[in-house]
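Peer 1: Input: one structure, supplied below.
The values are calculated or read from the model by the stated rules, or taken from the named source; none is laboratory data. Since the model is a prediction, treat every value here as computed from it, not as a measurement. Don't worry about glycine lacking a Cβ; one is built from the backbone with ideal geometry, like all the others, and counts go over all protein chains shown. Heads up: the accessible areas ignore ligands, DNA and RNA and are worked out on the full protein's heavy atoms, side chains in. Shrake-Rupley method; radii C 1.70, N 1.55, O 1.52, S 1.80 Å.
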Amino acid sequence: SPETEASDVFEAEANKTPRSKHWISLGSEKEIDEELLKETREKLMLKLRVDRIFRLPICFSDHNSADSKDSHLECASYQDSRFNIKKLQSDFGIQAVPKLQSNSTQTLRMVPKDTFTQYEPREFSNEELENILQDESLKNCCATQTPRILHALQQEEIMNVFIDDWKALGTGLEAGEWSGQVSDSLVLHQIFTNQKYSKDKKISCLNWHPTIYGVIAVALIKKKEEQTEESSLLVPRPAFIVFYSFSDSSNPQLLLECPDDILAFEFSPSNPNIIVGGCVNGQVLLWDISVHVTYLQAAHPGIKKAVTNPDTFDLNDNGENKTPVVRFSAVSALETSHKAPITDVQWLPQTFEVTGMGLPVENKMKVSVQIATCSPDCTIRFWDVRLANLLIHTPLDRRQTDQKTPITACSIPETFKHLDRTWKPLFRVSLPKIDTKGEYVPLKFSFEHYTCSTEKDTENNRTENLPDYSQLRMPLTEKLKAMEDVNTKFFVGTESGEIVYTDWKLESDESGRPRSAKPLLCFNTHQWLVNTVQRSPFFKDIILTTGGWNFAIWKEGVMGGPLVVSQYFEQECTVGCWSLSRPAVFFIGKQDGSVEVWDLLKNSSEPLQLHAHISNTKITCMKPWAVSAKQHFLAVADDLGVLRVFEIPKTLYVPSRHESLSMKKYFELETENLKDYLRRKEIWTKQKKEVEELKKMPNGAQVPVFEMEEGTGYADTWVLELEETGSSQLGPCPK
């Protein structure tokens, strides 16, 4: 039919024999039962419809399913070669450009004009003045107000009516806790620096002048980089100790000339005009600034220019207002000086002096005449500034020396002329190691300042009558009275971080020669250079040490170790100092330029205050100063040669009620805790040895039971059990 032709439907049977091959029988059909071969599935019929041009010839072919894998034939899609779709490709570029617009603005400049205004007072005429003075109301007002004004002026003369009563109310720490308190932290008071003398230098030591207000001296030394450059160029730069004053922070007031850099210096406690310093080359220097005291005491810079001393000279005299330069009066002999830089120098107190063997004897003159210095050459040396008995001149020579020579422009004080270039140490103390060979390398030291009942009486006389060191003579040792109650033991901080406790008295060996005694104890508390060994101004047996990354507090007489040891900080502790008015407060300077304020009564593990970024470099030295009962300062020096003075707030310099007694109890409690810890440590060490011995014993041995003593803080009892297998276990015994 036409419909059948249009649809072009066909049927194909699946069981038709292929035309391409004829089957050839080989006898296999006989083995197969024909009854078993039956069709169980219906035959498939496939209907296909193809839209195409009518009446085109169609070609079909037969395909044997046995030729394909798994008897399965796949009709996969393929690309028709009769037609192809061409894809056109094109490149396009796109760029985003903002819209730009040009504008301009012009401001008209106003032409300045000069103007002026003149004021003239309006004056009354003579007639008007007479009428006003004759006015009865004015006379009555003056008559009534004059007694009140006179009464107010009289009260002003009797008492200051503008004083702050809140600040003057109370004396304890609670007085500073009112709501109007300004600050409880350090407040910057003044900054001192001078590019001429402090450029490329750092401050190694600073000291407040003992008697003149606002005068502070600093020692400037070259940095290591500058030292290497100068050594290569062989161009040495002058070294000075610079005096600054509150009255003029930009200009130095006085310069002390030094042959080399000074690492430590100190004012004499008997005469503040005498200064001793330790040089980098190992020599000890003495200065006398007596003729410049008037210059330093001047309050205003204008007055200082008028006060001149002929005993001054300046190496760079350019006709300008030059700073006075003082040359050293005496320097020790180079052959008998230290062989390394002097890192610390201290005056012995005026209450006693020492002999050539280190024995303390009575100081009849009550004047500080002896000095102790230490150096990394492993020695601590004692010096005497008086004239030796063997060098006493005849009466004629003494009469000639007593006659003062006229002062010239470049004259040098003759106070210590008898010591210049010939000064030798009285005796030296070495620090042999306790257990091994070798010697400790000292950097800082501190000895007890012996006080007596007459010290306060001599202090007043010392301020009025300053001693003349050129007239002092060393007495005969046989005539001096020995002082048995003077403590000759002292603390030493070493280069390796050890704290050594030793005695400066010399012993006699088998041949009778004097030798230094072995140190009594040594603790490796700090892991780096010890930079501070300072005694508390309130407790003579309490010592603060800083070095490496921690600080420690020691008590003289406690041989077990430090009472307080801080944790290891991230930044190195570069310097430390005690407060002069509060026994519980001390200050710690750090490597990053920060300053920490510690209060042991409030917290012994964290600082009370942290003042970060005081300087961009490390803090090199700090010194407090008490001007009066209501004004305290803290001087802080850094590695850039800058000196900063901070005003200490009232909360940090006014002690709390019974603070000294509380600190005394605190140190006693820490001492008992340390002794208890050492006792427990000894017991633990003994038990550990016995446990190690039990591990080596055969099986079946008697098992001892170790019990801790009562009051040690441990309630568990430790028992060692030996099992049948021979293994040992250590555990708590059931209660």
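Peer 1: Order 276-283, 242-249, 556-563 from most to least packed using the mean count of other Cβ atoms within 10 Å.
Peer 2: Working: 276-283: 22.4, 242-249: 20.2, 556-563: 15.9.
In descending order of packing, they fall as 276-283, 242-249, 556-563.
Peer 1: Under the 0.36 nm per residue contour assumption, what length would be gained going from the current alpha-carbon distance of residue 472 and residue 184 to full extension?
Peer 2: Difference between extended and current length: 98.8 nm.
Peer 1: So, one more: Taking amide H positions as placed in the peptide plane 1.01 Å from N, state which residues far from residue 495 in sequence (5 or more) or on other chains have amide H under 5 Å from it.
Peer 2: Residues meeting the amide H criterion: 441, 443.
Peer 1: Leaving ligands, DNA and RNA out of it, rank 159, 663 by accessible area with a 1.4 Å probe, largest first.
Peer 2: 159, 663
Peer 1: To continue, here is another question. What is the extension gain from residue 436 to residue 683, computed as 0.36 nm multiplied by their sequence separation minus the C-alpha to C-alpha distance, in nm to one decimal?
Peer 2: Going from the current span to full extension adds 86.2 nm.
Peer 1: Which FRET efficiency value, to the nearest 0.05, is calculated for residue 199 and residue 249 with the Förster distance at 22 angstrom and r the Cβ-Cβ distance?
Peer 2: 0.85
Peer 1: Moving to a separate point now. As an exercise, use a Förster radius of 35 Å and the Cβ-Cβ distance of residue 604 and residue 166 to find the FRET efficiency, rounded to the nearest 0.05.
Peer 2: 0.60
Peer 1: Need the full-extension length gain, residue 692 to residue 281, defined as separation in residues times 0.36 nm minus the C-alpha distance. One decimal, nm. Display every interim value, and only then the final one.
Peer 2: Working: separation 411, 0.36 × 411 = 147.96 nm, distance 5.51 nm.
Extending this stretch completely gives an extra 142.5 nm.
Peer 1: What accessible area, in Å² to the nearest ten, does a 1.4 Å probe give for residue 540?
Peer 2: 120
Peer 1: Quote the charge dipole size of the range 524-655 about the Cα centre in Debye, to the nearest 20; the model charges only the Cβ of Lys and Arg (+1) and of Asp and Glu (-1). Show your work: numbers first, answer last.
Peer 2: Values: 11 positive and 11 negative charges, 97 e Å.
Roughly 460 debye for the range 524-655.
Peer 1: Right, here's the next one. Pop out the carbon and sulfur fraction of the accessible area of the range 497-639 as a percent, whole number, probe 1.4 Å. Intermediate values should be presented prior to the final figure.
Peer 2: Numbers: 2700 of 5710 Å².
C and S fraction of accessible area: 47 percent.
Peer 1: Right, another one. What is the sum of charges around residue 336, taking Lys and Arg as +1, Asp and Glu as -1, for the other residues whose C-beta is under 10 Å from the C-beta of residue 336?
Peer 2: Charge balance in the 10 Å sphere: +2.
Peer 1: Excluding residues on the same chain fewer than 8 positions from residue 433, give the lysines whose Cα lies under 23 Å from its Cα.
Peer 2: Leaving aside lysines fewer than 8 places away in the same chain, those within reach of residue 433 are 339, 444, 489, 505, 518, 555.
Peer 1: Applying the Karplus parametrisation 6.51 cos²θ - 1.76 cosθ + 1.60 with θ = phi - 60° to the phi angles of the range 497-508, what ³J(HN,Hα) value in whole Hz is obtained for each residue in order, glycine and proline being reported as x?
Peer 2: For the range 497-508, the Karplus-derived couplings read x, 7, 10, 10, 10, 9, 10, 8, 5, 8, 10, 9 Hz, x marking Gly and Pro.
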